[in-house]
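A short write-up of the structure that comes next.
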Amino acid sequence: MKLLVIGGGGREHAICQALARSAKCSELHIAPGNPGISAFGTCHKIGAEDIDGLFDLAVSLQVDLVVIGPEAPLVAGLADRLEDAGIAAFGPSAGAAQLEGSKDFARQVCEKMNVPQPHFKAFTNAEDALSYAKTLDGYCVIKADGLAAGKGVVVSDSMDEAGHAIIQMLGGQFGQASASILIEERITGPEVSAFAFIDGTNAVWLASAQDHKRAFDGDKGPNTGGMGAISPSPLVDDALRHKIMDDIIKPVAVAMAEAGTPYRGVLYAGLMLTEDGPKVIEFNCRFGDPEAEVILPRMESDLLDMITDLREGKLYRPTMSDDVGVTVIMATNGYPGSYEKGSIIKGLDEAASDDAVTIFHAGTALDSIGQLTASGGRVLAITALAETTDKARSKAYDAISKISWEDGFYRTDIAK
Ligand code: AMP
Ligand code: GLY
């Protein structure tokens, strides 16, 4: 099969590695890809937001399947356009991707199906939002309804903080994405992520994972896209897995089918384990990043077979390795704030010499003389698999010790 993968981060590197393992994969194209991904196929310089450009590329390459990594093209309807033109796509339609594209939509789906979640209210008017926040003493969570590149959530302790967030967001901080906001009850508990494959109606468990969102050790510093992950999550046992599937994932799949927008693809549920059981924090309509880098190397089933079987109505639970995966992100100094691009990275071949270690490129580029440089905030994802968490951790950090990159940093306590 001739495949096109959309995206150019660590997640897409992991997706390409998994697809390339399949005997059915005869040709791989990636847009835009990156220097690490280019080992698997041809990279095309078309950004993941350029829906017209991506559509034209898929048509001109005559690919058999397009696998869409990031949320933006899914929410913008790339899967619909491809399918309408007779090109198979993996990833939900725009209607189904609303589960990530509109937080209010996701909350309403959960409400309809009695899926456990915090109390919430939606607002477009600042006065109404402020008076509701006052009833909670400002102790609440304020969320932009639409996509805001992970920056649209404020966890507030006081009326000052809540008021500021409300005024900013409804005042156009994230443009159309914050023209409507949610104010949610603040719930507490450890967070886990659950991943499932859904074929339109039915759902099967893929894996659990735990992300480390803060920039620095000890969960200090600003929120990031994720500085590392572990899979499976030590907090998710068989009983909890069944509960998540029965109480959360399956009812959502049913609701989406009933609404005429069946969900096909990977559903990522961000959950908080409260005293009353797991509750939904958010849904994402795709693999997570860095969760894909820790989950897909554990997958023993053929990803391409799974995708084609899912499309043909033959859904089955994938076989996963019993090994634990640990992924540590190396990021550029300054991330998630502003940072310099272009610093040189060396030593990756030696660092990846252990078969249990894979280095995924998240934000890299080649300079004019072919040296590997940092070109993003999150730059490398170092994944190690081993029979215990401690072994996987030490393999990941051993690999990092062999990488020389002056402008990079990483957390030393991932999976600790
Ligand atoms: P989100 O972008 O929706 O995943 O939110 C980012 C982070 O905000 C989550 O990982 C949680 O730590 C926190 N958060 C979101 N919603 C709530 C809530 N209702 N109660 C407590 N914390 C929340
Ligand atoms: N790691 C969080 C995300 O992919 O949204």
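The values are calculated or read from the model by the stated rules, or taken from the named source; none is laboratory data. Bear in mind that the values here come from a model prediction, so they are computed numbers and not experimental data. Cβ: placed from backbone, ideal geometry, glycine included. Neighbour counts: every protein chain shown. To get the accessible areas, we keep the full protein, side chains included, count just its heavy atoms, and leave off ligands, DNA and RNA. Shrake-Rupley method; radii C 1.70, N 1.55, O 1.52, S 1.80 Å.
Of note:
- Anisotropy class of the chain from Cα gyration tensor, a/c 1.5 cut: rounded
- Under 13 Å, Cβ to Cβ, from G347 - net charge with Lys/Arg +1 and Asp/Glu -1: -2
- Among the trypsin sites (Lys or Arg not before Pro) found in the range 283-374, those both in a DSSP coil and sparsely packed, with 15 or fewer other Cβ atoms within 10 Å of their Cβ, are K314, K341.
- Taking the range 320-416 as the region of interest, the number of lysine pairs whose Cα atoms are within less than 20 Å, with members eight or more places apart or on different chains, is 5.
- With a Förster radius of 51 Å applied to the C-beta separation of D398 and E258, the computed FRET efficiency comes to 0.50.
- Charge tally in the Cβ shell below 11 Å around A196, where Lys, Arg are +1 and Asp, Glu are -1, A196 excluded: +2
- Length added when fully stretched, F216-D276, from 0.36 nm per residue minus Cα-Cα: 18.6 nm
- The chain - mean residue ellipticity at 222 nm from DSSP helices (-39,500 (n - 2.57) per run, n ≥ 4, rounded to 500): -8000 deg cm²/dmol
- Residue-span extension gain [H44 to S368] - 0.36 nm each, minus C-alpha spacing: 114.8 nm
- From the alpha carbon centroid of the range 280-328 to that of the range 184-230 is 14 Å.
- Coil-residue GluC sites (Glu not before Pro) of the range 281-376, DSSP, other Cβ within 10 Å capped at 15: E300, E312, E340
- Annotation for the range 1-91: trypsin sites (Lys or Arg not before Pro) lying in DSSP loop with at most 12 further Cβ atoms inside 10 Å of their Cβ are K45.
- For the range 94-161, the tally of Lys pairs with Cα-Cα distances below 21 Å comes to 11, considering only residues 8 or more apart or on different chains.
- Sequence of C25, C285 when ordered by accessible area, the most exposed leading, probe 1.4 angstrom: C25, C285
- Residue among A292, A106, A356 with the largest mean-square fluctuation in a Gaussian network model of the chain, springs linking Cα atoms under 10 Å: A356
- Remark: spin-label model distance V59-I167 equals 4.9 nm, labels positioned 7 Å along the Cα→Cβ axis.
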